[in-house]
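Colleague: Sharing a structure below in structure tokens format, with a few things to ask.
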Number of protein chains: 2
Amino acid sequence: MSFQKLDELGHRLEALEHALAILGADEATHMAVGGGDKRAEAMGTLAGMYHRQATAPEIADWLAAAESEALSEEQSAAIVEFRRHYTNLTCLPAEFVERQTNTRMRCEQLWRDLRAKNDWAGFLPALEGVIALAREEAAMRADVLGVGLYDAMIEQHDPGNRMADISPVFAELKSFLKDFVGEALAVQEERLAKRRLKPLSGVYSIDKQRELGLAMMAAVGFDLSHGSLSISHHPFCGGVPSDVRITTRYKTTEFLSSLMGVLHETGHALYEQNLPKQWAHWPVGKARGMAVHESQSLFVEKQLGRNPAFWQWALPIVEKHLGEAWTMDDIIPHVHRVERGLIRVDADEVTYPLHVILRYELEQDLIEGRLEATQLPEAWDAKMREYLGLSTIDNPADGPMQDVHWAGGAFGYFPSYTLGAMMAAQQWSALTKSHPQADEDIARGDFTAINNWRRQNIWSQGSRWSTPELLLRATGEKLNADHFINHLRTRYGAA
Amino acid sequence: MSFQKLDELGHRLEALEHALAILGADEATHMAVGGGDKRAEAMGTLAGMYHRQATAPEIADWLAAAESEALSEEQSAAIVEFRRHYTNLTCLPAEFVERQTNTRMRCEQLWRDLRAKNDWAGFLPALEGVIALAREEAAMRADVLGVGLYDAMIEQHDPGNRMADISPVFAELKSFLKDFVGEALAVQEERLAKRRLKPLSGVYSIDKQRELGLAMMAAVGFDLSHGSLSISHHPFCGGVPSDVRITTRYKTTEFLSSLMGVLHETGHALYEQNLPKQWAHWPVGKARGMAVHESQSLFVEKQLGRNPAFWQWALPIVEKHLGEAWTMDDIIPHVHRVERGLIRVDADEVTYPLHVILRYELEQDLIEGRLEATQLPEAWDAKMREYLGLSTIDNPADGPMQDVHWAGGAFGYFPSYTLGAMMAAQQWSALTKSHPQADEDIARGDFTAINNWRRQNIWSQGSRWSTPELLLRATGEKLNADHFINHLRTRYGAA
């Protein structure tokens, strides 16, 4: 039976993914500094084994045969995802993939060096090389998938998402935010005029902050018998569903940014820990994609963690661990701080989408050939001035050189961040419709009903549905900007 | 060129070994408790991939072809080890290996449970199953290798070692120790009568003990940029040569046992860190075998770490980290403590060899069919009474159920421990012949010349030579008991 062969292949691929995931997490947390070269060599070789096994020509025959076998409903769902993976992995020639990998890696290395030096001219030729290959990639993928060029790239991160659906929603959000950022800043200024921002600074040992983080993780549902918290330079959620590795970094002078980071990664971790275990070795058992994943991290960080109800419950826990008796009036202005800035990763939830929409618009033009890399500094600056009133023209390091994504060839990824924020708001809205006392739950630190809703509607579904279908089934609505806009208005707007 | 194919195979196998080594070390140190099932599944699948790739039939053709190619001297040496590995991996049918793995794993699991309950009768049938398969294994290996049954098992751990060479040396050592244990105990008693043993107990935080351990590791040559120290339930040395993971366990009431454990594992680690890097992906680039490995750990633990000169240097460092000003008269009686006991892993360097020789004698009889598992409790007890004057007849948990080795089918492994101790003494003797001021070096904490000798004679040689040949080349002598006996006499004997 061909399904059986695919099932066995799934176990082999799962073992290699397990090794790559743990080796990757280990590299960022526990590896000796001198172990990097051999680690890179081993992971490269294992990734090659994975690719060779996952793209073997006989799989095409197994898929074709399995599709006409009598299968259970879940086996049929598994086959759909097996085929999607196989198509995406095999639609680029091996020679092209190798050339692209080398070009991207060289450009990423160059980026690390030249961003620090603000050297756009030095970086440009390498970026042009990556863009040229990304255009080739988009053309090949679009041809196989029967979709548009940029849609073919989005499909790699968020299966089923299409520009035709996203662009109008982003347009509405952009038009709202271009005014609303000013409103939110004015509201904030008015409040701060009445009551000055009280710094949360002090001395908070890493041990105490770690205990606080673990307590919060456990409270919001993280299963500490299937995961752990470590330290790394850049926070991440890695590992495998049976052993999810999340990380943070600490400053001993300030606790809030680390704690919010822990909550964000905990959101990713809850998704991984609660994926359907019986499908763990099938593609359909994996998380749906980047936008849904980000919706889960932002749900915990923004919908729960920046909800004032959360702090009613959390402040005594903070006090217990750090010995500081903050009041709601002390903490909320920090949790809801809004600021116009140049840097996406430092942005708050009000300004963040503008950073993303800027990139979404520019990368479409790049992929579809309407914009060249040489024109990026001006194009970036024009949008930055229009959306946030800031200029980057003399500062490409904080303009088009700001993120590693393009250097690494990850076009079509950026929209996931804001789609995730919108989907989180839409999920919260649906959840509170069926469970209106969610805020009271949070204020008591009871996340049971909230997590049950998420488990049933998101986590347990794995990759059963396309990104838009998963959202529709969970919330009863297609993706739209209403819930996120309402969320921002309520939290940040004038009364 | 066939050598090239073997070279590429070596890189693939090295990547899988890297994954298995890091996943194994991670499991014992950082894995979430609930991650074990999936980890076992992933490691089992990866081990299967390793086995399938390492035993592919075409490798036989590559080896035959490479052996007649024009090769450099080091390539020729590489081929010898490639062939040895291939022969050892392929001389058992896959069906047999699978059956044996299952039988061993079941017996090990049973052992964990039944040893705690001292239930020999419950354990016996499982052990009989393992022994029956070990006899089959020995017969098949002996046939292919053209050696005796037990020699075929020793060969898996220490290539080139043969009973004909070991047994006379063990016989001499046994005959010496049967009297000498009493002498050493009498000497100790006399000394303790003059000066009571001063307990080294106190409160030593894990953090401080860890810092002390790291300082000692670095001082004796551990490269902290290519390795690390963690905590695990059972101390071990794992990981890969570019990132050696050693572990210890701590009691906060006592520091010496943990520190000696760290020194022991550091000895293993120095060997791994200093193997020839250019051969890392060839079998010839790996450590020679268990006896040589143990000679390296015991060299650091016993020849260096229990040398009084070592403590002249180490006591101020201990004081710096733990705040305790012990004198030489305080510490040496602990470092040189001798005690007749039932348990091998708790034994000192005087009594330890008798534990090993007992097992060496019994396992020959088991493998060669002169002894059955049912007879083990009596046979064990008889030798225990003869060698150490202790009885285990009512206590099989501390008799033949004491170690996991037999449950796990690892026959031929036990001699490595005492061969390692003898080889360490023989190396120390050769080293001090060419470098008579070694004791003064140690008393100053200068391990440069000592490590240079070891790097040149042992570490850099990888698996270039058989176990006895490596020792002969390093020390100018065949394995013999003289140096170890002299070492024990000097350290523990009557003046």
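The values are calculated or read from the model by the stated rules, or taken from the named source; none is laboratory data. Everything numeric here is computed off the predicted structure, so don't read it as measured data. Neighbour counts are summed over all protein chains in view; Cβ atoms, including those assigned to glycine, are modelled from backbone coordinates with ideal geometry. Side chains are part of the model used for accessible areas, which takes the heavy atoms of the whole protein and leaves out ligands, DNA and RNA. Shrake-Rupley method; radii C 1.70, N 1.55, O 1.52, S 1.80 Å.
Colleague: Run the helix sum for chain B: -39,500 (n - 2.57) per DSSP H stretch of 4+ residues, divided by residue count, reported at 222 nm to the nearest 500 deg cm²/dmol. Working shown, then result.
Modeller: On the way: 20 runs with 315 residues, N = 495.
After summing the helix terms and dividing by residue count, I get -21000 deg cm²/dmol.
Colleague: Can you give the translational diffusion coefficient of the range B:96-148 in µm²/s, computed by Stokes-Einstein from the Kirkwood radius over Cα pairs at 4 °C and 1.567 mPa s? Provide the component values of the computation, followed by the final result.
Modeller: On the way: Rh = 12.0 Å.
Diffusion coefficient, whole number: 108 µm²/s.
Colleague: Above 28 Å lies some portion of the pair distances; for the range B:2-157, what is it as a whole percent of all C-alpha pairs?
Modeller: On the way: 4440 of 12090 pairs.
Result: 37 percent of Cα pairs exceed 28 Å.
Colleague: While we're on this one: Using a 1.4 angstrom probe on heavy atoms only, work out the carbon and sulfur share of the accessible area of the protein assembly as shown in %. Provide the component values of the computation, followed by the final result.
Modeller: On the way: 21000 of 39910 Å².
Its accessible area is 53 percent carbon and sulfur atoms.
Colleague: Could you tell me the extents of chain A's C-alpha atoms along the three principal axes, largest first, rounded to whole Å?
Modeller: Projected onto the principal axes, the Cα atoms of chain A cover 69, 50, 50 Å.
Colleague: Right, next: Select from B:Gln273, B:Ser2, B:Met216 the residue farthest towards the positive end of the dipole of chain B; place +1 on Cβ of Lys and Arg, -1 on Cβ of Asp and Glu, and compute about the Cα centre.
Modeller: Farthest towards the positive end: B:Met216.
Colleague: Checking an interface number: how much accessible area is buried between B and A, summed over both chains, with a 1.4 Å probe, in Å² rounded to 100?
Modeller: On the way: alone 21260 and 21250 Å², together 39910 Å².
Heavy-atom accessible area buried at this interface is about 2600 Å².
Colleague: Note the full-extension length gain between B:Thr327 and B:Asn486 as 0.36 nm times their separation in residues minus their Cα-Cα distance, in nm to one decimal. Show your work: numbers first, answer last.
Modeller: Numbers: separation 159, 0.36 × 159 = 57.24 nm, distance 2.64 nm.
Roughly 54.6 nm would be gained on extension.
Colleague: I need the P(r) histogram for the range A:227-291: all alpha carbon pairs, bin width 10 Å from 0 out to the longest distance, whole percents.
Modeller: P(r) over the range A:227-291, rounded to whole percents: 21, 47, 23, 7, 1.
Colleague: Counting DSSP beta bridges in the protein assembly as shown, what percent are antiparallel, to the nearest 5? Before the final figure, lay out the partial values.
Modeller: Details: 10 of 20 bridges.
So the antiparallel bridges amount to about 50 percent of the total.
Colleague: To the nearest 20 Debye, how big is the dipole of the range A:389-449 about its Cα centre, given +1 on the beta carbon of each Lys and Arg and -1 on that of each Asp and Glu? Write down the numbers at each step before the final one.
Modeller: Details: 2 positive and 7 negative charges, 43 e Å.
In debye, rounded to 20, the range A:389-449 gives about 200.
Colleague: Could you give, in nm with one decimal, how far A:Arg337 is from each other copy of that position, shortest first, with labels 7 Å out from Cα toward Cβ?
Modeller: Once sorted, the set of distances for A:Arg337 reads 5.5 nm.
Colleague: With label points built 7 Å along Cα→Cβ from the Cα atoms of A:Leu214 and B:Ala215, find their separation and express it in nm.
Modeller: 2.8
Colleague: How crowded by other chains is A:20-26, given as the mean number of beta carbons from other chains within 10 Å of each beta carbon?
Modeller: Taking the mean over all residues of the peptide, I get 4.
Colleague: Pop a pseudo-label 7 angstrom from the Cα along the beta-carbon direction at both A:Val33 and A:Val144 and give the gap in nm to one decimal.
Modeller: A separation of 4.2 nm, rounded to one decimal place.
Colleague: Could you work out, residue by residue across A:224-234, how many beta carbons of other chains sit within 10 Å of that residue's beta carbon, and then give the average as an integer? All intermediate terms of the calculation are to be shown ahead of the outcome.
Modeller: Numbers: counts 3, 4, 5, 3, 5, 0, 1, 0, 0, 0, 0.
If you average over the peptide's residues, the count of other-chain Cβ atoms is 2.
Colleague: Still on this model: Using the C-alpha atoms of the range A:315-423, what convex hull volume per residue, in cubic angstrom, is computed? It would help to have the intermediate numbers written out before the result.
Modeller: On the way: hull volume 15.4 nm³, N = 109.
Normalising the Cα hull of the range A:315-423 by residue number yields 142 Å³.
Colleague: Quick check on packing: order A:185-197, B:451-463 by the mean number of other C-beta atoms within 10 Å, highest mean leading. Working shown, then result.
Modeller: On the way: A:185-197: 11.6, B:451-463: 18.8.
Result, highest mean Cβ count within 10 Å first: B:451-463, A:185-197.
Colleague: Around B:Gly239, which amide H atoms from residues at least 5 apart in sequence, or from another chain, sit under 5 Å from its own amide H, with H modelled in the peptide plane?
Modeller: HN-HN under 5 Å from B:Gly239: B:Ala25, B:Arg245.
Colleague: Quick check on my link table: of A:Lys433/A:Lys478; B:Lys174/B:Lys433; A:Lys251/B:Lys208; B:Lys174/B:Lys383; B:Lys277/B:Lys302; A:Lys198/A:Lys302, which ones sit more than 20 Å apart, alpha carbon to alpha carbon?
Modeller: Numbers: A:Lys433/A:Lys478 16 Å; B:Lys174/B:Lys433 26 Å; A:Lys251/B:Lys208 23 Å; B:Lys174/B:Lys383 11 Å; B:Lys277/B:Lys302 28 Å; A:Lys198/A:Lys302 22 Å.
Pairs exceeding the cut-off: B:Lys174/B:Lys433; A:Lys251/B:Lys208; B:Lys277/B:Lys302; A:Lys198/A:Lys302.
Colleague: Then there's this: Dipole magnitude of chain B about its Cα centre, charges +1 at Lys/Arg Cβ and -1 at Asp/Glu Cβ only, in debye to the nearest 20? Walk me through the intermediate numbers first.
Modeller: Working: 50 positive and 68 negative charges, 199 e Å.
The dipole magnitude comes to about 960 debye.
Colleague: In bins 10 Å wide, starting from 0, what share of all Cα pairs of the range A:131-226 does each bin hold, as a percent?
Modeller: Per 10 Å bin, starting at zero, the Cα-Cα P(r) for the range A:131-226 comes out as 12, 18, 15, 27, 23, 5 percent.
Colleague: Another question, then. In percent, what relative contact order does chain A have, based on Cα pairs under 8 Å that are 6 or more apart in sequence? Numbers along the way, then the final one.
Modeller: On the way: 667 pairs, mean separation 102.9, N = 495.
Over chain A, the number comes to 21 percent.
Colleague: Ok, one more. Just the Kirkwood number for the range A:374-417, please: inverse of mean 1/r across all distinct Cα pairs, in Å, one decimal.
Modeller: On the way: mean 1/r = 0.0904 Å⁻¹.
Computed over Cα pairs of the range A:374-417, the Kirkwood hydrodynamic radius comes out at 11.1 Å.
Colleague: Follow-up question, since we're still on this one. For the protein assembly as shown, what does the convex hull of the Cα positions come to per residue, in cubic angstrom? Don't skip to the answer; put the middle values down first.
Modeller: Numbers: hull volume 197.8 nm³, N = 990.
About 200 Å³ per residue, rounded to a whole number.
Colleague: Relative contact order for the range A:2-157: what is it in percent, counting Cα pairs under 8 Å that are at least 6 residues apart? If you can, show how the numbers build up before the last one.
Modeller: On the way: 81 pairs, mean separation 31.0, N = 156.
Value for the range A:2-157: 20 percent.
Colleague: Evaluate the charge dipole of the protein assembly as shown about its Cα centre and quote only its size in Debye, nearest 20, assuming +1 on the Cβ of each Lys and Arg and -1 on the Cβ of each Asp and Glu.
Modeller: Around 1880 debye, computed over the protein assembly as shown.
Colleague: Please list B:403-411, A:199-207 highest first by mean number of surrounding beta-carbon atoms within 10 Å per residue.
Modeller: Going from most to least packed, we get B:403-411, A:199-207.
Colleague: Report the antiparallel proportion of the DSSP beta bridges in chain A as a percent, rounded to a multiple of 5.
Modeller: Working: 5 of 10 bridges.
In chain A, DSSP labels about 50 percent of beta bridges as antiparallel.
Colleague: Whose Cβ in chain A comes nearest the axis that rotates A onto B, and by how many Å?
Modeller: Value returned for chain A: A:Ala19, 2.
Colleague: Which peptide among B:349-355, A:89-95, B:371-377 comes first, and what is the full order, when sorted by highest mean count of other Cβ atoms within 10 Å? Mind showing how you got there, number by number?
Modeller: Working: B:349-355: 23.1, A:89-95: 13.3, B:371-377: 16.9.
Highest mean packing first, the order is B:349-355, B:371-377, A:89-95.
Colleague: Okay, moving on. Evaluate peptide A:242-251: per residue, the Cβ atoms of other protein chains within 10 Å of its Cβ; return the mean as an integer.
Modeller: Numbers: counts 10, 11, 2, 5, 0, 0, 0, 0, 0, 0.
The mean count of partner-chain Cβ atoms within 10 Å per residue comes to 3.
Colleague: Run the label-point distances for A:Ala449 please: 7 Å along Cα to Cβ, every other copy, nanometres, shortest first.
Modeller: Taking the point 7 Å beyond Cα along Cα→Cβ, the inter-copy spacings are 7.9 nm.
Colleague: Next up: What number does the range A:384-454 give for Rg over Rh if you use C-alpha atoms and the Kirkwood radius? Walk me through the numbers before you get to the answer.
Modeller: Working: Rg = 19.1 Å, Rh = 15.6 Å.
With Rg and the Kirkwood Rh in hand, the quotient comes to 1.22.
Colleague: Counting heavy atoms of the protein chains only and a 1.4 Å probe, report the per residue accessible area for the range B:160-495 as a whole number of Å². Can you show the working numbers first?
Modeller: Working: 12860 Å² over 336 residues.
Solvent-accessible surface per residue comes out at 38 Å².
Colleague: Which FRET efficiency value, to the nearest 0.05, do you get for A:Glu73 and B:Glu73 by plugging their Cβ-Cβ distance into 1/(1 + (r/R0)^6) with R0 = 56 Å? Could the numbers behind the result be given before it?
Modeller: On the way: r = 63 Å, r/R0 = 1.13.
Taking R0 as 56 Å, the efficiency between A:Glu73 and B:Glu73 is 0.30.
Colleague: Where the label is 7 Å out from Cα toward Cβ, how close does B:His234 come to the same position in every other copy, in nm, shortest first?
Modeller: So the label point of B:His234 gives 3.9 nm to the other copies.
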